[in-house]
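Structure provided below as structure tokens; questions to follow.
The values are calculated or read from the model by the stated rules, or taken from the named source; none is laboratory data. Quantities reported herein were computed from a predicted structural model and do not represent experimental measurements. FYI the Cβ positions are ideal-geometry reconstructions off the backbone, even for glycines, and counts take in every protein chain you see.
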Amino acid sequence: MRLLMYLPEHYEFFCPVKINSGNRALEQIPCELDALNARKPLVIAGKDAGERGLVDVIIDAFKDSGIAIGIFDGVPAAPDLKLIKELFNIYRDRGYDAVIAVGGGPVADTAKMLNIAVSGKPEDIEGCAGENLIKRPLRPLIIVPTLAGTGYEVSKYAFFDGRSYESHFLMPHLAVIDPRMTIPEDAVTTAATSLAALSHAVEAYTGSGKNPLADAYAYTAIQLIMEHLVNVIRNQRDRNGSLSLANAHAMAACAFSNVAPGVAHKLGKVMGDVCHLHPGLCMGMLLPHILEKQMSEGGYHIPDLLLPLAGFEAYASTAENLRARKAVDILHDLLKDLSAVSGGVIPRLWKDAQVSEDTLQDIAQKAVGVGASFDMDGCVKIVRQAREGR
Amino acid sequence: MDMPGYYEFCCRVKIISGHDAMEKIPDTLAQLNAGRPMIVTDKGVVGAGLIDIVVNAISDGVNIRAIADDVPSDSDLRIVNSLARLYREKGCDSLIAIGGGSVMDTAKGINIVVSEEADDLMKFSGANALKRALRPLIAIPTTAGTGSEVTLVAVIKDHEKHLKMAFVSNFLLPDVAVVDSRMTLTLPPAITAATGMDALSHAVEAYTCLSKNPLSDAHALAAIRLISDNLLKVMVNPGDKKGRLCMSSAATLAGIAFGNSMVGMVHTLGHSVGSVCGVPHGACMAILLPYGLEYNMHKNGHLTAELLFPLAGPEVYAGTPNEERAEKVIALIRRMNQDLYEATGGRHARFFKEVLDREGKEMVAKEKLPDIAKTALSDGSIFYNPEDLDYNDFLMVLEVAWEGTPLNPRSLSSIHSPSSIIRTT
């Protein structure tokens with residue numbers, strides 16, 4: 001008996017992001033700008049990108065293009081609306097017509113806010129906070145991811161100045177993934193961002209919003225992370241591995257933007273906040289425990305998850321009734337391997353991250369508050385499992 | 001998985017899929033700031049009663065200003081221009097294309113003319129001549145095959161000057177593809193078979209040819225799984241709504257896959273048979289697909305072997321030794337053609353000598369094969385085929401595909417020996 005491919009009765013999918021990936025991808029930007037009818041981009045980056053020489057790589061990539069680019073490489077860790085107004089004035093007064101964001105986190109969020117402003121006026125920003133309140137396409141936006149992003153840079157989400165924004169129009173027109181830009185900074189950050197991407201992709205692939213188009217992105221992201229994450233943590237100079245992980249992050253963001261956020265995402269975010277850990281690490285630690293609970297509840301597409309996790313050969317040689325179990329075991333093993341190859345720097349269990357038992361109720365309460373699909377007891381149980389191991 | 005040194009992937013088309021997906025069109029148009037569409041379609045679609053279904057589904061929410069149902073089976077510059085005039089006269093603000101490839105191409109052509117306020121479509125041919133978004137275009141495919149609802153190309157023919165113009169731009173992509181099971185429920189068996197195999201050939205060539213990438217692979221694998229699960233099912237039970245929706249989704253997935261990876265010799269030869277003999281595209285694809293895989297086997301047999309998984313399922317995959325998988329894939333595709341041949345009472349052709357027109361006459365005369373091989377030499381899709389083909393190679397493949405004898409993969413290494421450098425056209 002074969003497992004028929006799942007197709008929902010109704011689904012919608014939208015991904016406006018073009019992905020350009022690989023050698024000299026940055027050098028294609030002038031041509032892509034032309035196709036977007038833009039010719040004068042403003043590049044924005046954080047200080048660290050400048051210090052790491054990433055901004056110089058961008059400047060170099062435009063050298064032979066005849067295009068003059070503007071550069072602002074002072075985006076702080078917590079940007080505010082005042083910065084957006086400054087950038088808005090620069091963009092308007094000097095005639096820029098596109099934004100290129102180098103990196104994720106606050107830089108990508110700043111770029112998204114700036115894009116709302118320059119597509120209308122800075123006062124529009126506040127009114128766009130919330131779900132689907134942007135009504136028309138924005139000006140050209142290009143994201144050049146690094147491996148230190150949050151996994152949200154290519155997504156429809158932005159978090160800025162205490163507010164959250166959600167619209168497909170916030171997704172970039174183009175993600176340029178170039179191996180010169182995706183060199184890992186440190187093991188924990190790389191693991192955390194990849195685990196966030198893995199969690200998003202797995203929850204898209206197994207959850208109720210599953211559809212074949214989101215699946216294609218999620219499937220590829222999961223495959224790439226399983227193939228490369230441990231290797232990159234072991235050998236941070238694995239150029240192809242790092243490029244592959246950055247690809248996976250962008251793809252997971254595309255899938256994540258087309259399904260409702262899952263419980264690993266929600267619980268992981270709360271846990272990260274309460275414990276001051278990278279939310280991606282929390283999502284990764286929670287994920288196998290959550291899948292285990294969902295396995296017993298039924299209704300999730302967990303057996304099929306073995307396919308992107310382990311490949312055709314392993315899937316085909318595993319009996320149908322054991323596939324879900326095996327998928328979860330593989331995710332447990334991934335955490336063990338990451339912890340082992342990093343010499344314990346990457347925590348496998350929450351208790352490894354030196355967080356006390358007392359915060360547990362607090363986390364569960366907040367998670368239920370943000371609409372995680374488990375009840376209070378369920379959340380407490382999951383978080384306890386992630387703390388103690390099985 | 002091999003990460004290519006460089007690749008690009010993009011599909012900006014919003015997909016709405018379901019058994020009552022068309023009911024979403026009024027809201028969707030409103031989000032695109034439009035509400036006065038012109039419907040572009042052909043007589044076949046009208047004759048099948050499909051326009052009534054669409055009109056019923058959307059007329060409460062939108063003001064349909066015009067229904068143009070005179071798109072010919074071959075796109076035509078004059079029709080594009082006259083429909084653009086109609087669009088302007090009726091004060092339309094958007095387009096809804098309902099049909100197959102020619103209708104989609106025509107609607108894309110009209111969209112260029114009305115959006116650019118141009119008189120001469122010619123000015124916009126070639127790659128990237130368009131610089132900004134066009135008017136909203138919604139595509140509703142009525143066959144589960146071409147994938148043109150998600151491709152960025154439009155081919156418009158100028159029959160007076162005997163010119164074929166290709167327009168290529170991301171701006172030609174429809175804004176939305178609405179995939180609704182009601183549109184393919186009445187598709188006749190032979191067309192269901194041919195278009196289903198068309199979609200399969202898109203996915204298989206996307207996965208096995210040179211310009212593949214991880215995302216085109218994932219789309220192709222999903223398409224192949226859906227087709228192998230559902231094509232014969234809908235042949236036996238044409239009213240199977242779920243099966244029909246799966247086939248339509250497969251066609252869309254396959255369209256996205258090959259739109260981002262290009263195709264190979266199956267398409268090269270298929271285009272040529274189509275242009276020399278007028279054989280429908282899907283029929284050519286079905287016949288040529290196993291031969292393309294055989295011809296390329298020594299270059300990409302490991303990729304063909306992987307397709308046994310989506311095509312036959314995990315049990316068969318696990319039970320077949322690795323070195324036999326590629327040949328099994330080819331055998332299974334031939335088996336599909338055989339099953340479709342039987343299910344259509346012989347109307348689904350397995351070989352070119354079996355392709356008949358409406359009057360029952362042979363469409364591909366054996367004497368035409370050299371012409372077809374010559375035409376194939378100038379088709380751009382050959383660039384992405386794993387193995388080179390010269391005139392003699394094309395002719396050899398056409399001859400076996402005409403007769404219905406397999407190419408023996410084991411004997412092929414001699415064909416690709418240095419002697420092929422000596423043989424010239």
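A:Ala35 passes all but one of (1) within 14 Å of chain B (Cβ to nearest Cβ); (2) touching a residue at least 12 places away in the same chain (Cβ under 8 Å); which number fails?
Checking A:Ala35 against (1) within 14 Å of chain B (Cβ to nearest Cβ); (2) touching a residue at least 12 places away in the same chain (Cβ under 8 Å), the one that fails is (2).
What are the residues in region A:155-170 that are in contact with a strand residue (DSSP E or B) (Cβ under 8 Å, 6 or more places away or on another chain) and in contact (Cβ under 8 Å) with a residue 60 or more places away in the chain, if any?
Listed by number, the residues that qualify are A:Lys156, A:Tyr157.
Among the listed residues B:Asn337, B:Asn322, B:Asn300, identify the single one that is touching a helix residue (DSSP H, G or I) at 6+ places or on another chain (Cβ under 8 Å), under 24 Å from B:Val236 (Cβ atoms) and polar (S, T, N, Q). Even if it seems obvious, please write down each step before you answer.
On the way: B:Asn322 fails: under 24 Å from B:Val236 (Cβ atoms); B:Asn300 fails: under 24 Å from B:Val236 (Cβ atoms).
Going through B:Asn337, B:Asn322, B:Asn300 in turn, just one is touching a helix residue (DSSP H, G or I) at 6+ places or on another chain (Cβ under 8 Å), under 24 Å from B:Val236 (Cβ atoms) and polar (S, T, N, Q): B:Asn337.
Of the conditions (1) within 30 Å of A:Asn37 (Cα to Cα); (2) not in a helix (DSSP H, G or I), B:Leu185 fails just one. Which one is it?
(1)
Also, quick follow-up: In this structure, does B:Lys123 turn out to be assigned to a loop (DSSP other than H, G, I, E, B) and surrounded by fewer than 17 Cβ atoms within 10 Å (Cβ to Cβ)?
no
Another question, if that's okay. Given the conditions (1) under 23 Å from A:Gly53 (Cα atoms); (2) more than 10 Å from chain B (Cβ to nearest Cβ), report the number of the one that A:Phe159 does not fulfil.
A:Phe159 satisfies every listed condition except (1).
Among what's in region B:397-419 and is more than 21 Å from B:Ala283 (Cβ to Cβ) and either part of a loop (DSSP other than H, G, I, E, B) or touching a helix residue (DSSP H, G or I) at 6+ places or on another chain (Cβ under 8 Å) (or both), pick the residue that is modelled with the highest pLDDT.
Among them, the one singled out is B:Asn408.
Quick check: anything in region B:374-384 closer than 24 Å to B:His271 by Cα and β-branched (Val, Ile, Thr)?
Residues of region B:374-384 that are closer than 24 Å to B:His271 by Cα, as a first pass: B:374-384.
Narrowing the set further to residues that are β-branched (Val, Ile, Thr) leaves B:375, B:382.
The answer is yes, given that some residue of region B:374-384 is closer than 24 Å to B:His271 by Cα and β-branched (Val, Ile, Thr).
Continuing with this model, one more query. Among B:Ala199, B:Ala177, which is the only one that is hydrophobic (A, V, I, L, M, F, W, C), outside any helix (DSSP H, G or I) and within 14 Å of another protein chain (Cβ to nearest Cβ)?
B:Ala177
I'd like to know if region B:203-211 contains one or more residues that are in a loop (DSSP other than H, G, I, E, B), surrounded by fewer than 24 Cβ atoms within 10 Å (Cβ to Cβ), within 14 Å of chain A (Cβ to nearest Cβ) and out of contact with any Lys or Arg (no Cβ under 8 Å at 6 or more places or on another chain).
Checked region B:203-211: at least one residue is in a loop (DSSP other than H, G, I, E, B), surrounded by fewer than 24 Cβ atoms within 10 Å (Cβ to Cβ), within 14 Å of chain A (Cβ to nearest Cβ) and out of contact with any Lys or Arg (no Cβ under 8 Å at 6 or more places or on another chain).
Let me ask you something else. With the requirement that a residue be within 14 Å of chain B (Cβ to nearest Cβ) and either surrounded by 24 or more Cβ atoms within 10 Å (Cβ to Cβ) or under 12 Å from the mean Cα position of the chain (by Cα) (or both), what does region A:198-213 give you?
A:Ala201, A:Ala204, A:Tyr205, A:Pro212, A:Leu213 - these are the residues of region A:198-213 that are within 14 Å of chain B (Cβ to nearest Cβ) and either surrounded by 24 or more Cβ atoms within 10 Å (Cβ to Cβ) or under 12 Å from the mean Cα position of the chain (by Cα) (or both).
Quick check on my filter: what residues within region A:1-27 are crowded, with 19+ Cβ neighbours inside 10 Å and more than 8 Å from chain B (Cβ to nearest Cβ)?
Passing the criteria: only A:Leu26.
A:Glu185 passes all but one of (1) at pLDDT below 95; (2) within 14 Å of chain B (Cβ to nearest Cβ); (3) touching a Lys or Arg at 6+ places or on another chain (Cβ under 9 Å); which number fails?
Of everything listed in (1) at pLDDT below 95; (2) within 14 Å of chain B (Cβ to nearest Cβ); (3) touching a Lys or Arg at 6+ places or on another chain (Cβ under 9 Å), A:Glu185 misses just condition (2).
Tell me the helices (runs of 4 or more DSSP H) entirely within region A:222-321 that contain at least 2 residues that are buried (at least 21 other Cβ atoms within 10 Å of the Cβ), touching a residue at least 24 places away in the same chain (Cβ under 8 Å) and more than 18 Å from the chain's Cα centre (by Cα).
Ranges flagged: A:279-297, A:306-316.
Return the pair list, or none, for Cβ contacts closer than 9 Å from residues in region B:360-380 that are farther than 15 Å from B:Leu288 by Cβ to residues that are basic (Lys, Arg), at least 6 apart or on different chains.
Pairs found: B:Glu362/B:Lys353; B:Lys366/B:Lys353.
Here's something else I'd like to know. Could you run through region B:201-229 and say how many residues are touching a strand residue (DSSP E or B) at 6+ places or on another chain (Cβ under 7 Å) and hydrophobic (A, V, I, L, M, F, W, C)?
Here the count works out to 1.
Please state which one of B:Leu311, B:Leu293, B:Leu289 is in contact (Cβ under 8 Å) with a residue 24 or more places away in the chain, surrounded by 21 or more Cβ atoms within 10 Å (Cβ to Cβ) and within 12 Å of chain A (Cβ to nearest Cβ). Before you say what the answer is, go through the steps one by one.
Details: B:Leu293 fails: within 12 Å of chain A (Cβ to nearest Cβ); B:Leu289 fails: within 12 Å of chain A (Cβ to nearest Cβ).
Going through B:Leu311, B:Leu293, B:Leu289 in turn, just one is in contact (Cβ under 8 Å) with a residue 24 or more places away in the chain, surrounded by 21 or more Cβ atoms within 10 Å (Cβ to Cβ) and within 12 Å of chain A (Cβ to nearest Cβ): B:Leu311.
While we're looking at this one, here's another question. Go through (1) within 14 Å of another protein chain (Cβ to nearest Cβ); (2) out of contact with any Cys (no Cβ under 7 Å at 6 or more places or on another chain); (3) closer than 29 Å to B:Asn56 by Cα one by one and return the number of the condition B:Asn230 breaks.
(2)
If I go through region A:131-154 residue by residue, how many of them are out of contact with any strand residue (DSSP E or B) (no Cβ under 7 Å at 6 or more places or on another chain) and surrounded by fewer than 19 Cβ atoms within 10 Å (Cβ to Cβ)?
4
Give the residue, chosen from B:Val155, B:Val168, that is in contact (Cβ under 8 Å) with a residue 40 or more places away in the chain and within 13 Å of another protein chain (Cβ to nearest Cβ). Lay out the reasoning, then the answer.
Values: B:Val155 fails: within 13 Å of another protein chain (Cβ to nearest Cβ).
Step by step, each of B:Val155, B:Val168 is checked, and only B:Val168 is in contact (Cβ under 8 Å) with a residue 40 or more places away in the chain and within 13 Å of another protein chain (Cβ to nearest Cβ).
Listed here are the residues, each with its yes/no results for (1) under 15 Å from A:Pro288 (Cβ atoms); (2) in a helix (DSSP H, G or I); (3) of a type in the set (Phe, Trp, Tyr).
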site: A:Pro347; (1), (2), (3): yes, no, no
site: A:Lys351; (1), (2), (3): no, yes, no
site: A:Ser356; (1), (2), (3): no, no, no
site: A:Asp362; (1), (2), (3): no, yes, no
site: A:Ala367; (1), (2), (3): no, yes, no
site: A:Gly371; (1), (2), (3): no, no, no
site: A:Asp377; (1), (2), (3): no, yes, no
site: A:Lys381; (1), (2), (3): yes, yes, no
site: A:Ala386; (1), (2), (3): yes, yes, no
